[in-house]
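The values are calculated or read from the model by the stated rules, or taken from the named source; none is laboratory data. Note that the structure is a prediction, hence the values are computed from the model and not measured. Note that we place each Cβ from the backbone using ideal geometry, even for glycine, and neighbour counts take in every protein chain shown. In case anyone asks, the SASA skips ligands and DNA or RNA and just uses the protein heavy atoms, side chains included. Shrake-Rupley method; radii C 1.70, N 1.55, O 1.52, S 1.80 Å.
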Amino acid sequence: KSENKTATDNTEVSFVPMADLNENQISFEPKEIRLFKDVQQSYTYFLNGDVLLAKVTPCFENGKAGICKNLKNGIGFGSSEYYVLRPSANVYTEWIYIQITDEKFRKEATLKMTGTGGLKRIPREVIKSYKIPVPPNEVQSELINEFYREYSFIEGNKKLIEIYTQKIQERINKVWGN
């Protein structure tokens, strides 16, 4: 937060509760606006271009992560149960997202969760010590483009499943009644 010199108490910022972070989707839509003064003390701070990662069970296992975009005034706050990952100059934001949502990372991190009962968390040290491979930007770009092609295909198939599920339900209701 100390890097932000432009926000005043009355600056509007996005607020992203855990419920608004999607499962297995690279993006999310910030829906809520709050004043900087109301969130700066108690919530996790992030900026456009950062990657959010849920650190608590079952959100982490369910794939809650996403890239911050379209934040009001470029600033966001949200759940204290987020890790915020910020890319450096030689790493694309999408590359970080791909790496932290990869099954290998998720399995390793899940094994290292601490806590009791239904409220386990990934320790900060697990995130800090995880080595993300960083190929040259051209390679990252190629792999990100491939990811988006596959992602678009999957999202299109999800929409088709929704459409045909609705059609099947309508047909069942027509034949058998509600």
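Of note:
- Any hit, the stretch 51-62, residues being assigned to a loop (DSSP other than H, G, I, E, B), among the aliphatic types (A, V, I, L, M) and over 21 Å from residue 137 (Cα atoms): no
- Residues satisfying the stated conditions in the stretch 152-178, i.e. under 25 Å from residue 26 (Cα atoms), open to solvent by 100 Å² or more (accessible area, probe 1.4 Å) and either among the aliphatic types (A, V, I, L, M) or not in a helix (DSSP H, G or I) (or both): 161
- Those residues of the stretch 119-145 which are in a loop (DSSP other than H, G, I, E, B) and farther than 18 Å from residue 85 by Cβ, in sequence order: 136
- Top-ranked residue of the stretch 67-77 - restricted to ones that are on the phi > 0 side of the Ramachandran plot and outside any loop (DSSP other than H, G, I, E, B), ranked as least open to solvent (accessible area, probe 1.4 Å): 74
- The single condition among (1) open to solvent by 30 Å² or more (accessible area, probe 1.4 Å); (2) within 18 Å of residue 19 (Cβ to Cβ) that residue 63 does not satisfy is (1).
- Residues within the stretch 20-58 that are of a type outside the set (D, E, K, R), open to solvent by 20 Å² or more (accessible area, probe 1.4 Å) and farther than 27 Å from residue 149 by Cα, tallied: 10
- Contacts under 7 angstrom Cβ, first residue in the stretch 95-118 being within 16 Å of residue 23 (Cβ to Cβ) and touching a residue at least 24 places away in the same chain (Cβ under 8 Å), partner among the small types (Gly, Ala, Ser) and surrounded by 14 or more Cβ atoms within 10 Å (Cβ to Cβ), 6 or more apart: 97/65; 100/65; 101/63; 101/65
- Residue count for the stretch 94-107 satisfying the condition of being of a type in the set (Phe, Trp, Tyr) and assigned to a loop (DSSP other than H, G, I, E, B): 0.
- Residue 45 being in contact with a Lys or Arg (Cβ under 7 Å, 6 or more places away or on another chain) and closer than 28 Å to residue 139 by Cβ: no
- Evaluation of residue 88 against the conditions (1) open to solvent by 10 Å² or more (accessible area, probe 1.4 Å); (2) assigned to a strand (DSSP E or B) shows that the sole unmet condition is (2).
- Among the residues of the stretch 1-24, those that are modelled with pLDDT of 90 or more, of a type outside the set (D, E, K, R) and farther than 13 Å from residue 72 by Cβ comprise 17, 18, 19, 21, 22.
- Members of the stretch 9-19 found to be assigned to a strand (DSSP E or B) and open to solvent by 60 Å² or more (accessible area, probe 1.4 Å), listed by number: 12
- Identity of the residue in the stretch 134-149, out of contact with any Phe, Trp or Tyr (no Cβ under 8 Å at 6 or more places or on another chain) and either hydrophobic (A, V, I, L, M, F, W, C) or modelled with pLDDT under 90 (or both), that ends up most open to solvent (accessible area, probe 1.4 Å): 149
- Of the residues making up the stretch 108-118, one or more are part of a helix (DSSP H, G or I) and open to solvent by 80 Å² or more (accessible area, probe 1.4 Å).
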